[in-house]
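Novice: Got a structure for you, written out below as structure tokens; questions coming shortly.
The values are calculated or read from the model by the stated rules, or taken from the named source; none is laboratory data. Bear in mind that the values here come from a model prediction, so they are computed numbers and not experimental data. Please note: Cβ atoms are built from the backbone with ideal geometry, for glycine as well, and neighbour counts cover all protein chains shown. Ligands, DNA and RNA are excluded from the accessible area calculation, which covers all protein heavy atoms including side chains. Shrake-Rupley method; radii C 1.70, N 1.55, O 1.52, S 1.80 Å.
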Amino acid sequence: MLKPELQSQIETAAAILRKGGVVAMPTETVYGLAADASNPAAVKRIFEIKGRPADHPLIVHIADESQLGHWAREVPRSAKLLARQFWPGPLTLILPRSQQVPDIITGTQDTVGLRIPDHPVALALLRALGPHGALAAPSANRYGRISPTTAAHVREELGANVDMILDGGPCQVGLESTIVSCIGDTVTVLRPGGIPVAAIEEVLQQKVAVVDSSTASIRVSGSVLSHYAPVTPLELVASETLWQRVRELEEQGLSVATLEWSAPDEVHLTGATPGGITRTTMPANPVGYGQLLYATLRQLDNLKYDRLIAEAPPQTVEWLAVADRLKRASHRD
Ligand code: TXA
Ligand code: MG
């Protein structure tokens, strides 16, 4: 049960959405910037507020699997299996779109991204919109920037540009959903995320392809190399050469903050060393690391160091989502 105060905020938000407004909502992954998926004018405002190019399609959020048939014209067996196992949860399925999906949501594509978020506030908001209620929602950040994982981050990013921000606390997963394309007979992971690739393979009892998004032809906004980026330049450096690089930058008179994971202590702590370097120790497991990554980048960005140095994560499949976001955060066009 949600607190009565939150419940009444959800009703206010639903009323705003019905009138074509734009509301920031919590999900288990990151905060989303939501508009009624069946209202093209409302959805257009999302693109304007984010400064997002029109050819980057949006995910449609629904409350119940029974709505799939309204938005997708075909639901292959693989998609049904994955939906059953992982929804509500951090999984987005790419399916052939139905005629109900406004063009502005999908760009020029014949497919649509769908997911059921695992957050009580998001689900209550969707249900308040009625049986066909669906929300188009990208992450609630300006285009190319770090995704927000708290309501305060959304305020910082978008402030008065949105009609309302629903505060559902910090996001549990902290990284965006895993995007899985189920078009035709093939299943392909387009973006690593909250659901590990191994878990998907286990459910489907088959290996799935993982697209190297830097060479992908499908428009996935996360596939633009420079993305999820702090303003402070971030370098991704191998464990062995981390301190050598930090010393080089120090000798140039630059202030440096490090983001490490292999340090023995697993607690999340920040402290300035005598040399003026701020070290942040991240959890040495991908789930814990993912939960804290965006909030930590944002915090360090606000402290205005000259350079952020992130220790490269292990090159294993479990770390795929974290490694992907760090790679993009470190890329400069
Ligand atoms: O966890 C999440 O997925 C969050 C929360 C708010 O649900 N949403 C999110 O949205 O990350 P956004 O727009 O920041 O990223 C969605 C990604 C984009 O890279 C977009 O290009 C891709 O999904 N996408 C959406 N529809 C697609 C489609 N039909 N084909 C391929 N990619 C698609
Ligand atoms: Mg995004």
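Novice: Can you spot a residue in region 147-160 that is near ligand 1 (Cβ under 9 Å from one of its atoms), closer than 22 Å to Ser38 by Cα, open to solvent by less than 10 Å² (accessible area, probe 1.4 Å) and within 21 Å of the chain's Cα centre (by Cα)?
Specialist: No, there is no match, as no residue in region 147-160 is near ligand 1 (Cβ under 9 Å from one of its atoms), closer than 22 Å to Ser38 by Cα, open to solvent by less than 10 Å² (accessible area, probe 1.4 Å) and within 21 Å of the chain's Cα centre (by Cα).
Novice: I've got another one for you. Step by step: first the residues of region 192-232, then only those that are modelled with pLDDT of 95 or more and within 13 Å of ligand 1 (Cβ to nearest atom), then the one that is farthest from the chain's Cα centre (by Cα). Which residue is that?
Specialist: Ile195
Novice: Just name the residue that is farthest from ligand 2 (Cβ to nearest atom) out of those in region 226-240 that are more than 13 Å from Pro313 (Cα to Cα) and out of contact with any Phe, Trp or Tyr (no Cβ under 7 Å at 6 or more places or on another chain).
Specialist: Pro233
Novice: Moving on. When you go through Thr12, Thr27 one by one, which is the residue that is open to solvent by 40 Å² or more (accessible area, probe 1.4 Å) and not hydrophobic (A, V, I, L, M, F, W, C)?
Specialist: Checking each option against the conditions leaves just Thr12.
The rows are residues; the columns are (1) at positive phi; (2) within 12 Å of ligand 1 (Cβ to nearest atom); (3) modelled with pLDDT of 95 or more; (4) open to solvent by less than 10 Å² (accessible area, probe 1.4 Å).
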| position | (1), (2), (3), (4) |
| --- | --- |
| Arg97 | no, yes, yes, no |
| Thr106 | no, yes, yes, yes |
| Val112 | no, yes, yes, yes |
| Val121 | no, no, yes, yes |
| Arg127 | no, no, yes, no |
| Ala136 | no, yes, yes, yes |
| Gly144 | yes, yes, no, no |
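Novice: Restricting attention to region 227-259, and to residues there that are in contact with an Asp or Glu (Cβ under 6 Å, 6 or more places away or on another chain) and among the small types (Gly, Ala, Ser), which single residue is nearest to Arg52 (Cα to Cα)?
Specialist: Ser255
Residue by residue, here is whether (1) assigned to a loop (DSSP other than H, G, I, E, B); (2) within 14 Å of ligand 2 (Cβ to nearest atom) holds:
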position: Val121; (1), (2): no, no
position: Leu125; (1), (2): no, no
position: Pro131; (1), (2): yes, no
position: Ser147; (1), (2): yes, yes
position: Arg155; (1), (2): no, no
position: Gly159; (1), (2): no, no
position: Gly168; (1), (2): yes, no
position: Cys171; (1), (2): yes, yes
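Novice: Also, quick follow-up: Go through region 29-63 and report how many residues are within 16 Å of ligand 2 (Cβ to nearest atom) and among the charged types (D, E, K, R).
Specialist: The qualifying residues number 4.
Novice: Please go through region 48-68 and give me each residue that is surrounded by 18 or more Cβ atoms within 10 Å (Cβ to Cβ) and within 18 Å of Ala140 (Cα to Cα), ordered by number.
Specialist: Ile49, Lys50, Arg52, Pro57, Leu58, Ile59, Val60, His61, Ile62
Novice: In the list Pro88, Pro57, Pro96, Pro117, which residue meets the criterion of being part of a loop (DSSP other than H, G, I, E, B), more than 17 Å from Ala35 (Cβ to Cβ) and not basic (Lys, Arg)?
Specialist: After ruling out the rest, the residue left standing is Pro88.
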